[in-house]
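Student: My questions all concern the structure below.
No value in this document is a laboratory result; all are computed from the given coordinates. None of these values were measured; they are calculated from a predicted model. Cβ placement follows ideal geometry from the backbone for every residue including glycine, while neighbour counts extend to all protein chains displayed.
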Amino acid sequence: MVPYELDTVDRQIIRILQDDGRTANVEIARRVGVSEATVRKRLDRLVSEAVIHIAAMPNPSKVGLATVTFITLDVDLSLLERIAGELAQSPQVRAIYYTTGESNLIIEAWFHSTDQLLQFLTQEIASIQGIRRVATSHVLRTLRNGSHWVLPSQSPPCILVVDDDPDFVQVVRLALAAEGWEVCAASSGEQALATMRLSKPDLVILDIMMHGVLDGLRTAREMRADDELRTMPILMVSGINESGFAGLLPRGSEVPADNFLTKPVEISQLVAEARRLLRA
């Protein structure tokens, strides 16, 4: 089965819904920086492909189910499906997992009290034929539940280095590759935009003065105007401030980038900033 390829927009939408599944599409669009129509299409696809399932997740402690227990079961393998089916009928059982190792099944069950757990073990579990051994593990405190889990990346982060100086590109490529990141390169804004639409990098390191004094600035503005590219973080690395063209560069928030480093730049500083932006 081919895994569903999640891009940055998909991941941001999922993360917002994990925090609050009631978040309106218009609010998601505002926070992600895309149109409401884009959010609606993405959600329709994620749900129809069974990538996500939007549902309410009860908090056991708030509804009086203070005893959360994982119960491991060693069962007769020839009866595995029947036993799992019987356990699934119990209202206390929240989840059932087939497992390898010393046990064949693990169930997560919620109870109002340890007395109710004892009754479940001695009456319901004990009455099911084919269970050889039972062990329980109580949850003492939940530090992080499933709704706060962040999807891991299916592959190493991909960084696009856009610069017409091949020596700079090579030095940066080696430094980034040493971090375990994938690196691709482009020598102009036009080439970079084509690469972005094809490979969807996780970060763009962008020079400004390439094919035209403000080639990189124009590229960044095109990215921010494109629904599919606008969420990609941009790290501008340029020597324009040390040149005669410094006056052409907008100041402050008018620069469409997440951060700006001036050449010559320490490679360790560039790598540290790339790491920060990837985490963000």
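Student: Please find, in a Gaussian network model of the chain (springs between Cα atoms separated by less than 10 Å), the residue of LEU121, LEU217, LEU193 whose mean-square fluctuation is greatest.
Tutor: Looking only at LEU121, LEU217, LEU193, the biggest GNM fluctuation is shown by LEU121.
Student: Can you compute the FRET efficiency between HIS211 and LYS62 using 1/(1 + (r/R0)^6), with r the Cβ-Cβ distance and R0 = 51 Å? Round to the nearest 0.05. Write out the running numbers ahead of the final one.
Tutor: Numbers: r = 59 Å, r/R0 = 1.17.
With a Förster radius of 51 Å, E is 0.30.
Student: Could you pull out the GluC sites (Glu not before Pro) across segment 77-106 that fall in loop regions by DSSP (anything but H, G, I, E, B) with no more than 14 other Cβ atoms inside 10 Å?
Tutor: Values: sites: GLU81, GLU86, GLU102; in loops: GLU102.
The qualifying sites are GLU102.
Student: When you count, for each residue, the other Cβ atoms within 10 Å and take the mean per peptide, how do 19-27, 142-150, 111-119 rank with the highest first? Provide the component values of the computation, followed by the final result.
Tutor: Numbers: 19-27: 12.1, 142-150: 9.4, 111-119: 14.1.
Most protected by this proxy first, the peptides run 111-119, 19-27, 142-150.
Student: Mind giving me the FRET efficiency for SER243 and VAL150? R0 is 30 Å, r the Cβ-Cβ distance, nearest 0.05 is fine. Display every interim value, and only then the final one.
Tutor: Numbers: r = 41 Å, r/R0 = 1.37.
It comes to 0.15.
Student: I would also like to ask the following. Quick check: net charge around ARG279, other residues with Cβ under 15 Å of its Cβ, Lys/Arg +1 and Asp/Glu -1? It would help to have the intermediate numbers written out before the result.
Tutor: Working: positive: ARG11, ARG15, ARG275, ARG276; negative: GLU179, ASP202, ASP258, GLU273.
Taking every other residue near ARG279 into account, the sum is 0.
Student: For ALA135 and TYR98, FRET efficiency with R0 = 22 Å and r from the beta-carbon atoms, rounded to 0.05?
Tutor: Numbers: r = 16 Å, r/R0 = 0.75.
Efficiency, rounded to the nearest 0.05: 0.85.
Student: According to a simple spin-label model (label point 7 Å from Cα along Cα-to-Cβ), what is the distance in nm between SER35 and VAL171?
Tutor: 4.3
Student: Next up: Can you give me the angle between helix 189-199 and the longest principal axis of the chain, using Cα atoms only, in degrees from 0 to 90, rounded to the nearest 10?
Tutor: Taking Cα atoms only, the helix is inclined about 10 degrees.
Student: What ranking, highest mean first, results for peptides 204-212, 46-54, 90-98 when packing means the other Cβ atoms within 10 Å averaged over each residue?
Tutor: Details: 204-212: 22.9, 46-54: 11.6, 90-98: 13.9.
Put in order of decreasing packing, that is 204-212, 90-98, 46-54.
Student: Next up: Give me the percent of DSSP beta bridges within segment 158-279 that run antiparallel, rounded to the nearest 5.
Tutor: Numbers: 1 of 17 bridges.
Among the beta bridges of segment 158-279, antiparallel pairing accounts for roughly 5 percent.
Student: Given Cα pairs under 8 Å that are at least 6 residues apart, what percent is the relative contact order of the chain?
Tutor: On the way: 365 pairs, mean separation 40.3, N = 280.
Reported relative contact order: 14 percent.
Student: Another question about this same structure. Can you pull out the GluC sites (Glu not before Pro) in segment 156-230 whose DSSP state is coil and whose Cβ has at most 15 other Cβ atoms within 10 Å? Could the numbers behind the result be given before it?
Tutor: On the way: sites: GLU179, GLU182, GLU190, GLU222, GLU228; in loops: GLU179, GLU228.
When the GluC sites (Glu not before Pro) of segment 156-230 are filtered for loop state and at most 15 Cβ neighbours within 10 Å, GLU179, GLU228 remain.
Student: Which entry is the computed Cα extents along the principal axes in Å for this structure: [x] 77, 54, 37; [y] 84, 39, 34; [z] 90, 39, 31?
Tutor: Computed from these coordinates, Cα extents along the principal axes in Å corresponds to label [y].
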